[in-house]
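Each value in this text was obtained by applying a stated rule to the coordinates, not by laboratory testing. Bear in mind that the values here come from a model prediction, so they are computed numbers and not experimental data. Quick reminder, even Gly has a Cβ in these numbers, built from the backbone with ideal geometry, and neighbours come from all protein chains shown.
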Amino acid sequence: GAGVSQSPSNKVTEKGKDVELRCDPISGHTALYWYRQRLGQGLEFLIYFQGNSAPDKSGLPSDRFSAERTGESVSTLTIQRTQQEDSAVYLCASSPDPGLSPFFGPGTRLTVL
Amino acid sequence: AQTVTQSQPEMSVQEAETVTLSCTYDTSESNYYLFWYKQPPSRQMILVIRQEAYKQQNATENRFSVNFQKAAKSFSLKISDSQLGDTAMYFCAFMKQETSGSRLTFGEGTQLTVNP
């Protein structure tokens, strides 16, 4: 497809379980972002990847959160030992160049019971 | 650290009228970008308009235009001839201009409703 894709679109899990969220950026986009959006709120920065540079992880809320990116392609966001406060929509975005406006995926809605 | 403030949680406008959404930001940077994104109920984030801080001319995209006041750190969005499809959450965002790129910092959003 031409856009950023994310999977799954919805995920329901039990408290304490681990989850993996996937992002497929637009081909050739060197920059990749993860954001969290709680219900009715703005977007909270989590992590930023740019090419082969060290990622900016300063937004990760705790050590239960981690993310990886393989080269300039797929990224996975992993949340270990999920808590109810992790329930949110997780949005991924990619950009062809720093400074250009990122294109967002449709998000993954995570519900932790 | 940069902060972005949208002081209007909700706004409404009649179809075909004009509405202005406010955004202020705080930064010590001189070079940066500003954006307005739209998020309809489908939750897909859609870029509305982009402004480079070094440009004095205000950006325009069809019915959408901005009033960028760098000294006042203000970046408002004007929507002319409002349409029902403009109903959405609107987010203002800031990005430092760096060679390696940087994060987008978002405001809390303004829910705009266009009434028929």
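Of all residues being more than 13 Å from the chain's Cα centre (by Cα) and of a type in the set (D, E, K, R) in segment A:68-90, which is surrounded by the fewest Cβ atoms within 10 Å (Cβ to Cβ)? Just the residue, please. So the residue we want is A:GLU85.
Yes/no per residue for (1) in contact with a Ser or Thr (Cβ under 8 Å, 6 or more places away or on another chain); (2) under 20 Å from B:GLN2 (Cβ atoms):
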site	(1), (2)
A:ASP18	yes, no
A:LYS57	no, yes
A:ARG69	yes, no
A:LEU77	yes, no
A:SER94	no, no
A:PRO102	yes, yes
A:LEU110	yes, no
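Within the option set A:GLY28, A:GLY40, being surrounded by fewer than 18 Cβ atoms within 10 Å (Cβ to Cβ) and more than 17 Å from B:ARG43 (Cα to Cα) holds for one residue only, A:GLY28. Somewhere in segment B:60-67, is a residue among the aliphatic types (A, V, I, L, M), over 17 Å from A:PRO102 (Cβ atoms) and more than 14 Å from every other protein chain (Cβ to nearest Cβ)? No, segment B:60-67 has no match at all. If you filter segment A:91-104 down to residues that are surrounded by 24 or more Cβ atoms within 10 Å (Cβ to Cβ) and more than 8 Å from chain B (Cβ to nearest Cβ), you find that the one that is farthest from A:LYS15 (Cα to Cα) is A:SER94.
Which of the residues that make up segment A:49-94 are outside any loop (DSSP other than H, G, I, E, B) and touching a Gly at 6+ places or on another chain (Cβ under 6 Å)?
Across segment A:49-94, the qualifying residues are A:GLN50, A:VAL89, A:LEU91, A:CYS92.
Could you list all residues from segment A:68-88 that are over 23 Å from A:LEU113 (Cα atoms), among the small types (Gly, Ala, Ser) and touching a strand residue (DSSP E or B) at 6+ places or on another chain (Cβ under 7 Å)? Matches in segment A:68-88: A:SER75 only. Selection within segment A:43-67: residues that are surrounded by 13 or more Cβ atoms within 10 Å (Cβ to Cβ) and more than 10 Å from chain B (Cβ to nearest Cβ). The member of this set that is farthest from A:VAL112 (Cα to Cα) is A:PRO55. Please verify whether B:GLN83 is over 25 Å from A:LEU110 (Cβ atoms), among the polar types (S, T, N, Q) and within 14 Å of chain A (Cβ to nearest Cβ), treating the condition exactly as stated. No: the conditions fail for B:GLN83.
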